[in-house]
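Asker: So that we are looking at the same thing, I have put the structure below in structure tokens.
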Amino acid sequence: MDNTDVNVVYSVQHQLPLVMYIGQYFFFTGLSAGSFVISVIATLLGRKEFKPIGKITALLAPILLIIAPLNLILDLEQPLRFWHLFVFYNWTSPITYGSFLLTAYPVMGVIYAIMVYTNRQKAAKILGILGIPLAISVHGYTGFILALAKARALWNTAAMPTIFLVSAMVSGIGLVVIIAAARWKWFDKAATVEQREKDKRLIIQLAQFMAYIIMLDLFLILSDILVLLTAHSDAYQAGMLILTGNFAPLFLGVEIFLGSLVPMVLVLGPTRKSMKAIVIASILVNIGVYAMRFVMVIGGQSIPLS
Amino acid sequence: MARKRYAMVIDMRRCIGCHACTVACKAEMAVPLEVNATWLKIIEKGAYPDTRRFYLPRMCNNCTDAICARNCPTQATYKRDDGIVVVDQHRCIGCKYCIASCPYDTRFINPLKNIVQKCFFCQHRVDAGLEPACVESCPTRAMVFGDRNDNKSEISQLLASNATTVLKKEMETNPNVYYIAADETVMSNVEKGINYRTEGTITKLRL
Ligand code: SF4
Ligand code: SF4
């Protein structure tokens, strides 16, 4: 519609309701879910060379998931009332699913980590299989938090939970690669040359896996944007905001270019055997996913509604 | 007796843009500086010399299918039987999800009390048999409040005999604030650019 002859002379400003604590929370749960899935895959495959990675990730998942909800509580205007979430729940609200998932998942994660560290393979496998749906829902529901807030065109898409899950996998694997590489560099000296070579190959494989998931992520983002640009006017505005508007540098520059394309080239291109390149790629991937959380949470809210 | 369903009709032909409703709301609800439960949006349409100003009073629509109440994790926001959407100030944890979900930007954090507030048709006055403060203060009677399930009320007669519309019908929240003589381009025109205060976006510590 042609609105050129309509001008707002006076209106009031509004607050930006959700600040970056929420984005950080998404980031940390994402890391946690990603590392948990990697850990379970390592446990299930049960090969000896996967053990160290399975152990690191089993520890990471609950630790990250204890940091994550702290962001949520800090974001509350009444942090001391957080227990209201459990007493006065509302089943139509995605935050209510979250309060229970966020309690169950770290408990399960801690038990799983104990099983992994005490070498109880069978129990670890069963817990791992049971835990994967929990890990997926703990991160997937954060996508629903955004998708069900229907006022915001950038969030209100059925692809949102999947996009969140996939980017969680990407950043989670990135973190695991960084930690595994640090272990390989500094704490793996006692191992034989052959063993070190094996470990290195494993880290490289992990990084390649990450690159393939980045491709999936890019595909999802592309389909999301294509639909935004052809849907109703608010959605179009949201699409343009991240393509040409204020959030374009962060979205196109950091999230897509630095956080997805560059790491993909580093991991799959001519530098694919270099440990340094892989670590840089993993760091970039995490910066990119953090930027994605920022673009989603802050960008989604910065389209005026009134 | 049939269930009450409170609603408001705002006649944009009558509004003269005096801001009396904004002031009355501020006083009645003790709304702090920087936030507003009711405000006026002034919009100009057309090119000189054929122009006209529209005054669009804005407040919570107390929607029939309120997305804020649906999304509130603690049921602090809930719908009364008479249709007014209220916030329980002692239950609200300030997660702000309702603010993010509302398509009309009508909710705000009260910076003094650290909880969410909005217009609830002055439920305390309505319960005492009075009209909301804004309605009572309006010098041109551009705002009319009442029970739309009561056939004899002024509001149900206004709704029956006028062409009315609501804001953002496509959001399917079924607002209970109706506008008479509201121009489509005026109602749908949001400000270009950012009209949010962005300070404290990243690190504001609110303990
Ligand atoms: S206008 Fe917004 S805050 Fe008011 S009832 Fe509707 S959705 Fe809720
Ligand atoms: S801020 Fe308060 S009223 Fe709004 S959704 Fe959270 S608990 Fe409910």
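The values are calculated or read from the model by the stated rules, or taken from the named source; none is laboratory data. Because the structure is a prediction, the values reported are computed rather than measured. Here the Cβ positions follow ideal geometry from the backbone for every residue, glycine too, while neighbour counts run over all protein chains shown. What goes into the accessible areas is simple: the full protein's heavy atoms, side chains included, and nothing from ligands, DNA or RNA. Shrake-Rupley method; radii C 1.70, N 1.55, O 1.52, S 1.80 Å.
Asker: Mind checking whether some residue in the stretch A:58-77 is away from ligand 2 (no atom under 16 Å from the Cβ), more than 14 Å from chain B (Cβ to nearest Cβ) and more than 16 Å from A:Ser35 (Cβ to Cβ)?
Answerer: Within the stretch A:58-77 (the criterion being away from ligand 2 (no atom under 16 Å from the Cβ), more than 14 Å from chain B (Cβ to nearest Cβ) and more than 16 Å from A:Ser35 (Cβ to Cβ)), the answer is no, since none of the residues qualifies.
Asker: Does A:Ser32 count as farther than 24 Å from B:Gly94 by Cα and either away from ligand 1 (no atom under 16 Å from the Cβ) or open to solvent by less than 10 Å² (accessible area, probe 1.4 Å) (or both)? Even if it seems obvious, please write down each step before you answer.
Answerer: Working: farther than 24 Å from B:Gly94 by Cα: yes; either away from ligand 1 (no atom under 16 Å from the Cβ) or open to solvent by less than 10 Å² (accessible area, probe 1.4 Å) (or both): yes.
Yes, satisfied.
Asker: Being near ligand 1 (Cβ under 10 Å from one of its atoms) and over 20 Å from A:Arg152 (Cβ atoms) is the filter here; which residues of the stretch B:84-113 pass it?
Answerer: Selection gives B:Ile84, B:Val86, B:Val87.
Asker: Does the stretch B:44-70 hold any residues that are more than 9 Å from ligand 1 (Cβ to nearest atom) and in contact with a helix residue (DSSP H, G or I) (Cβ under 7 Å, 6 or more places away or on another chain), and which are they?
Answerer: B:Lys45, B:Phe54, B:Leu56, B:Pro57
Asker: Then there is this: Of all residues in the stretch A:1-44, which are assigned to a helix (DSSP H, G or I), within 14 Å of chain B (Cβ to nearest Cβ) and small (Gly, Ala, Ser)? Reasoning before the result, please.
Answerer: Of the residues in the stretch A:1-44, the ones assigned to a helix (DSSP H, G or I) are A:20-44.
Still in the list and also within 14 Å of chain B (Cβ to nearest Cβ): A:20-27.
Selection gives A:Gly23 alone.
Asker: For B:His90, are the conditions met, namely being surrounded by fewer than 17 Cβ atoms within 10 Å (Cβ to Cβ) and within 16 Å of ligand 2 (Cβ to nearest atom)?
Answerer: yes
Asker: Give the residue, chosen from B:Asp105, B:Asp82, that is over 22 Å from A:Trp83 (Cβ atoms), within 16 Å of ligand 2 (Cβ to nearest atom) and within 17 Å of the chain's Cα centre (by Cα).
Answerer: Result of the check over B:Asp105, B:Asp82: B:Asp105.
Asker: Would you mind telling me which numbered condition in (1) in contact (Cβ under 8 Å) with a residue 12 or more places away in the chain; (2) within 20 Å of A:Thr29 (Cβ to Cβ) A:Thr96 fails?
Answerer: Unmet condition: (1).
Asker: Right, next: Restricting attention to the stretch A:83-94, does a residue exist that is open to solvent by less than 70 Å² (accessible area, probe 1.4 Å) and of a type in the set (Ser, Thr, Tyr)?
Answerer: The answer is yes; a qualifying residue exists.
Asker: Are any of the residues in the stretch A:218-232 touching an Asp or Glu at 6+ places or on another chain (Cβ under 7 Å), over 23 Å from A:Val176 (Cα atoms) and of a type in the set (A, V, I, L, M)?
Answerer: No, that holds for no residue.
Asker: Let me ask something additional. Restricting the stretch A:120-160 to residues that are among the basic types (Lys, Arg) and assigned to a helix (DSSP H, G or I), which is nearest to A:Ala42 (Cα to Cα)?
Answerer: Going residue by residue through the stretch A:120-160, those that are among the basic types (Lys, Arg) are A:120, A:122, A:125, A:150, A:152.
From what is left, the residues that are assigned to a helix (DSSP H, G or I) are A:122, A:125.
On the way: A:Lys122: 13, A:Lys125: 10 Å.
So the residue we want is A:Lys125.
Asker: Still on this structure, please answer the following. Please specify each residue of the stretch B:108-147 satisfying the condition of being more than 16 Å from ligand 2 (Cβ to nearest atom), surrounded by 21 or more Cβ atoms within 10 Å (Cβ to Cβ) and in a loop (DSSP other than H, G, I, E, B).
Answerer: B:Phe121, B:Cys122, B:Pro132, B:Cys138, B:Ala142
Asker: OK, next. Mind checking which residues of the stretch A:111-124 are crowded, with 17+ Cβ neighbours inside 10 Å and either free of Cβ contacts under 8 Å to residues at least 60 places away in the same chain or in contact with a Gly (Cβ under 8 Å, 6 or more places away or on another chain) (or both)?
Answerer: Initial filter on the stretch A:111-124 (crowded, with 17+ Cβ neighbours inside 10 Å): A:112-113, A:115-116, A:124.
Across the stretch A:111-124, the qualifying residues are A:Tyr112, A:Ala113, A:Met115, A:Val116.
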